Amino acid sequence: MTARSSHILLVLSAFLAGLAIFLAVFLYATGQFGSGRGPSASVIGGPFQLVDQEGKQVTEKDMNGKPFLVFFGYTHCPDVCPTTLFEVSEVMRVLGPDANRAGAFFISVDPERDTPAAMKDYLASFDPRLRGLTGDQKAIEAAEKAYRVYAKKVPTSGGDYNMDHTALVYLMDKQGRFVAPFSLKRAPEESAAELRRYM
C-alpha cells in the first residue's frame with residue numbers, strides 16, 4: 001500500500017468514525033438510542049400547560065391538526081433568540097395564507113423575567129402568528145423535560161444573568177409528534193416548502 005493510499009484510508013476512517021459519533025449523539029438526543037423504537041416513537045414533545053402573551057392558557061392540544069415549530073429561548077437573549085425568531089417570521093411570511101395552517105411557539109426558559117406582558121412586548125417585533133409561551137417555574141421545567149431542552153442560569157456582572165439553553169427549532173407534525181430539527185440555515189422558501197409538506 002502506498003503512502004497516498006494509506007493517507008486516503010486514514011482520512012476516510014476518521015470521517016466514518018466522526019459520522020458514527022454524530023449519529024449516536026443524535027439518536028440519544030431524540031430518545032431513539034438503544035430503545036428499539038423508530039423515529040415515529042420519539043420521546044421528544046408531549047403535554048404542557050403554559051400561558052401565551054395574551055394571558056390565554058395554551059396546551060399542546062391547541063395545535064391538533066396543524067404542524068408546528070417549537071423554539072425555547074428568552075426575551076433578554078442577546079443574539080440567538082432574536083435571529084431565530086426573525087428567521088421563523090420569514091418562513092411565516094413566505095407561507096402567506098398557509099401560515100394559518102401551521103403554528104410556531106416561542107417557549108421561555110426564563111419565567112422569572114418573561115411574564116406574558118414582557119413576551120407580548122418582545123414579540124411585537126416579529127410575525128404576529130408567533131405565540132410566546134411562559135408560566136411558573138414548574139410548568140416551564142415540565143415543558144423543557146418534554147422537549148429534552150437544557151437550560152441553565154448563568155450569572156453575569158452586576159447581579160444580572162443570562163440563560164444558557166438548547167437552541168434547536170423542533171418540527172412537530174399534525175399529531176404533535178417530533179419529526180426532526182427544523183433547519184433555518186437555508187432560504188425561507190425552502191423552509192416554508194418543508195413545513196407545507198406536513199400540512
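No lab work stands behind these numbers, since they all come straight from the coordinates. Quick caveat, the model's predicted, so the values are computed rather than measured. Cβ: placed from backbone, ideal geometry, glycine included. Neighbour counts: every protein chain shown.
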What are the ³J(HN,Hα) values, in whole Hz, obtained from phi via the Karplus relation 6.51 cos²θ - 1.76 cosθ + 1.60 with θ = phi - 60°, for each residue of the range 141-151 in sequence order, with x given for Gly and Pro?
-> 4, 5, 5, 4, 5, 4, 9, 6, 9, 8, 8
Under a straight-distance cross-link criterion of Cα-Cα below 16 Å, which lysines are reachable from Lys174, leaving out those fewer than 8 residues away in the same chain?
-> Lys61, Lys66
Under 5 Å between amide H atoms, partner at least 5 residues away or on a different chain: which partners does Tyr198 have, H built in plane at 1.01 Å?
-> none
Can you pull the semi-axes for the range 76-174, root of five times each eigenvalue of the Cα gyration tensor, sorted largest first, whole Å?
-> 24, 16, 13
What percent do you get for the relative contact order of the range 54-199 when only Cα pairs under 8 Å and 6+ apart count?
-> 33
Could you give me the ³J(HN,Hα) list for the range 47-57, computed from phi with Karplus coefficients 6.51, -1.76, 1.60 and θ = phi - 60°, whole Hz, x at Gly and Pro?
-> x, 8, 9, 10, 10, 8, 5, 9, x, 8, 5
Between Ser183 and Asn100, with labels modelled 7 Å along Cα→Cβ, what's the label distance in nm to one decimal, could you check?
-> 3.2
Estimated distance in nm for a label pair at Gln137 and Thr156, the labels positioned 7 Å out from Cα along Cα-to-Cβ | 2.1
With a point put 7 Å past each Cα toward its Cβ, work out how far Met199 is from Asp79 in nm, to one decimal.
-> 3.4
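Determine the sum of side-chain charges near Asp164: Lys and Arg each +1, Asp and Glu each -1, restricted to other residues whose C-beta is under 10 angstrom from that of Asp164.
Working: positive: Lys152, Lys153; negative: none.
Result for the local shell: +2.
How do 149-158, 57-66, 101-110, 44-53 rank on mean C-beta neighbours within 10 Å, highest first? Each step should come with its number before you reach the end.
Numbers: 149-158: 11.2, 57-66: 14.3, 101-110: 23.1, 44-53: 18.9.
Put in order of decreasing packing, that is 101-110, 44-53, 57-66, 149-158.
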